[in-house]
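Let me begin by presenting the structure, written as structure tokens, before commenting on it.
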Amino acid sequence: MIHNGLYNGVRIDDTFAEAFPMKATRLLITAHNLTWARHAAVSATGFATSVIACGCEAGIERELSPDETPDGRPGLSVLLFSMSGKELAKQIERRVGQCVLTCPTTAVFAGIAEGEAVALGKNLRFFGDGWQISKVIAGVRYWRVPVMDGEFVAQETTAVVKAVGGGNLLLLARDTDAALAAAEAAVQAMRRLPNVILPFPGGVVRSGSKVGSKYSGLMASTNEAFCPSLYGLVAKSELTAATRCVMEIVIDGLTEADVAAAMRAGLDAGIALGASAGLLRVSAGNYGGKLGPYLFHLHKLMEAA
Amino acid sequence: MTIRLRLRQPPSLRLDLRGLLPAVLSALDAAQIERLALAHGRQSLPLAEFFDVAVDGDGDTLAFEGDLSRCDRVGWQMAGGRIVVEGSVGDYAGACMSAGALRIEGNAGWLAACEMAGGELLVQGDVGDFAASAQPGSLDGMRGGSLVVLGSAGQRFGDRMRRGTVLVFGDAGDFFASRMVAGSIALGGRAGAHVGYGMRRGSLVFAGAAPTVAPTFVPAIADAPVIWQLLARDLARHGGPFADLAGRRVQRQLGDVAVGGKGELIIVD
């Protein structure tokens, strides 16, 4: 199956994805049923595709069955990533305050025990206007805030840990249908893994960016080398006449190994579809390896067992 | 090492054992321990007058043998290590302790765990009045740690308690959790009159017989399923009357509104 970087007809570029250190936390959101836990989780992780303008990158990690949650109710675990612990703390407070506290029947707990503690319910408690009550159970402090459906219970703090953001795969395909099929298959495979999220809509981003712009003040702009609409117009395109649609999958994970595992799962899913399904090439985005401390070489990922 | 202090016979007067802590004694040899001064009534006498001292092995355990029911302040201000009392103790057992583990295999007198701030205290027998409360004249009672009483409790249990978790497997006397500020107390047996008298906050769980609730408490019309599950699951690990709490239905009474309180009596059906 392997011929000079070809796997099932898909060319895996000899390149690497470049990722950055981030700060992350996991929250467990439970509710009366999974529907309402999902409403809260979707809302709290909404508008969180990129730290460029969203403040954080966030997504649903997985569903939790009642026997996995602290209160025995169904729930979801969500991961939030930001560039600094301070910004992450701000995002947690805003998002939990506006999207979880407000959502019927929900409660929120820390999903990571070890790490620097940042406020979860600690400041949201003041919504209780003096009627809030603290409860310490097994050494953990919770806040009980009276609300119209009973009470909102939130753990006082959650732990922030070091994490890795910006792992990515670029899927170069024959056409839109093939690119979407490959991207959807890769997303499905990657979402089965723990400790990672794919922050973009449906896990996929079509507006891959490069650093900088011709316009001063713009931090990022379109990556014209991967734009099929500019093939033949730009001085140096990464595309050929056969690769007419490109999709990117961005991965944030709690550790380098988590991001690597997700990238490998995405590669495997794409390769399983193969060139016959229209996926012609897989590449990755980087900045020359000078900016990010984490480099994920696609060939090394493929060599790993 | 393990230090064993065997009380030869009950002292004729009250004997104050404050200062006999694992961290203190482990730095001393047997002869030095024997010379430690203990208050016996109004006298100060060497420890060897009352106890046989044996030092051996590893670990940081201090073990007392004999009937220590006239010995007060066992584990007073304990801040680490482990004390085991193979018998009953006097008043103030585990009072003001902040860390470590104290196990009393018999009964404890008055004011056990009063102003306790941390650590674990297990009393396998009964405790007297004012356990988990404040020292006389003090405004704050127990403020942390965990107290488990396998027997029954006397009156004014948890008076002015403000933090920590307490379980009483047996019955409790009158004025259970009076003037409680906060914290959690679970009772497996029957409570006396005036439960939660003047309580401000805190949770009292009645896993056994339903108490007589004062008219200064109001029935809660809203459930609190989340915090109940968190609390019940934590209590359940102690077994006994608390083992199946998480699966049982509860009713709550809120108060004591006579003092503007917002505590809760959680009465398990």
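Values in this text are rule-based calculations from the coordinates and carry no lab data. All values reported here derive from a predicted model rather than from experimental measurement. FYI the Cβ positions are ideal-geometry reconstructions off the backbone, even for glycines, and counts take in every protein chain you see.
Hey, rough spin-label estimate for residue A:221 and residue A:6, points 7 angstrom out along Cα→Cβ, what's it come to in nanometres?
3.8 nm
Mind pulling the angle between the C-alpha long axis of helix B:225-236 and the longest principal axis of chain B? Nearest 10 degrees, somewhere in 0 to 90.
30 degrees
Once label points are set 7 Å from the Cα along Cα→Cβ at both residue A:161 and residue A:138, what is their separation, rounded to one decimal in nm?
1.8 nm
How much of the pair distance distribution for the range A:96-244 lies past 19 Å, counting alpha-carbon pairs only, in percent?
Values: 7578 of 11026 pairs.
Above the 19 Å cut-off, the range A:96-244 has 69 percent of its Cα pairs.
Which of A:207, B:184 comes first, and how do the rest follow, when ranked by fewest Cβ neighbours within 10 Å? Numbers along the way, then the final one.
Numbers: A:207 12, B:184 26.
Taking fewest neighbouring Cβ atoms as first place, the list is A:207, B:184.
Nearest 0.05, what FRET efficiency do residue B:49 and residue B:212 give at R0 = 60 Å with Cβ-Cβ as r?
Numbers: r = 49 Å, r/R0 = 0.82.
Computed FRET efficiency for residue B:49 and residue B:212 comes out at 0.75.
Determine how many Å³ per residue the convex hull of the Cα atoms of the protein assembly as shown encloses.
On the way: hull volume 109.7 nm³, N = 574.
Once divided by residue count, the hull of the protein assembly as shown is 191 Å³.
Hey, can you grab everything whose amide H is under 5 Å from the amide H of residue A:64? Only 5+ residues off in sequence or another chain; H modelled, so Pro and N-termini drop out.
Close amide H contacts, sequence-distant or interchain: A:75, A:76, A:77.
By the scheme Lys and Arg +1, Asp and Glu -1, what is the net charge of all other residues having a beta-carbon under 9 Å from that of residue B:47?
Working: positive: B:35; negative: B:34, B:49.
Charge balance near residue B:47 sits at -1.
Give me A:252, B:72 ranked fewest to most by other Cβ atoms within 10 Å of their Cβ, as a rough exposure proxy. Mind showing how you got there, number by number?
On the way: A:252 30, B:72 22.
With the fewest neighbours first, A:252, B:72 line up as B:72, A:252.
What nm value, rounded to one decimal, do you get for the distance between residue B:34 and residue B:190 when each label is placed 7 Å out toward the C-beta?
That separation, rounded to one decimal, is 5.2 nm.
Mind pulling the per residue volume of the convex hull built on the Cα atoms of chain B? Å³ is fine.
Numbers: hull volume 29.7 nm³, N = 269.
Cα-based convex hull of chain B, divided per residue, equals 110 Å³.
Counting only residues 5 or more places away or on other chains, whose amide H sits under 5 Å from the amide H of residue B:132 once H atoms are built in the peptide plane?
Excluding prolines and chain starts, which carry no amide H, the hits are B:112, B:113, B:114, B:158.
So if R0 is 56 Å, what FRET efficiency would residue B:248 and residue A:43 give, r being the distance between their Cβ atoms, rounded to the nearest 0.05? Intermediate values should be presented prior to the final figure.
Values: r = 34 Å, r/R0 = 0.60.
Efficiency, from the Cβ-Cβ distance: 0.95.
What do you get for the angle between helix A:256-273 and the principal long axis of chain A? Use alpha-carbon atoms, 0 to 90 degrees, nearest ten.
Computed tilt is about 50 degrees.
Applying a 10 Å radius around every beta-carbon, put B:23-32, B:3-12 in order of their mean neighbour count, most first.
B:3-12, B:23-32
Working from Cα positions, state the angle (0 to 90°, nearest 10) between the long axis of helix A:85-95 and the longest principal axis of chain A.
Between the helix axis and the principal axis of chain A, the angle is about 70 degrees.
Give me the percent relative contact order of chain B, please, defined on Cα pairs under 8 angstrom at least 6 residues apart.
Values: 878 pairs, mean separation 27.2, N = 269.
Once normalised by length, the contact order is 10 percent.
Determine, from the Cβ-Cβ distance of residue A:149 and residue A:291 and an R0 of 51 Å, the FRET efficiency 1/(1 + (r/R0)^6), rounded to the nearest 0.05. Intermediate values should be presented prior to the final figure.
Values: r = 47 Å, r/R0 = 0.93.
Rounded to the nearest 0.05, the efficiency is 0.60.
Using the Cα atoms as the points, what is the convex hull volume per residue of chain A in Å³? It would help to have the intermediate numbers written out before the result.
Working: hull volume 44.4 nm³, N = 305.
In chain A, the Cα convex hull volume per residue is 146 Å³.
Can you list the lysines whose alpha carbon sits under 17 Å from that of residue A:236, skipping same-chain ones fewer than 8 residues off?
In chain and number order, the partners are A:210, A:214.
Which shape class applies to the range A:23-161: rounded if a/c is under 1.5, otherwise prolate when a/b exceeds b/c and oblate if not, where a ≥ b ≥ c are the square roots of the Cα gyration tensor eigenvalues?
Since a/c stays below 1.5, the shape of the range A:23-161 is classed as rounded.
Can you compute 3J(HN,Hα) from phi for each residue in the range A:130-137, using the Karplus curve 6.51 cos²θ - 1.76 cosθ + 1.60 with θ = phi - 60°, rounded to whole Hz and x for Gly and Pro?
Couplings: x, 8, 5, 10, 8, 9, 9, 10 Hz.
Name the most mobile residue of A:169, A:279, A:291, meaning the one with the largest mean-square fluctuation, in a Gaussian network model of chain A with Cα contacts below 10 Å.
Answer for the Gaussian network model of chain A: A:291.
Rounded, prolate or oblate: pick one for the range A:199-305, where a ≥ b ≥ c are the square roots of the eigenvalues of its C-alpha gyration tensor, a/c under 1.5 means rounded, and failing that, prolate if a/b is larger than b/c, else oblate.
Values: a/c = 1.89, a/b = 1.20, b/c = 1.57.
It comes out oblate by the Cα gyration axes.
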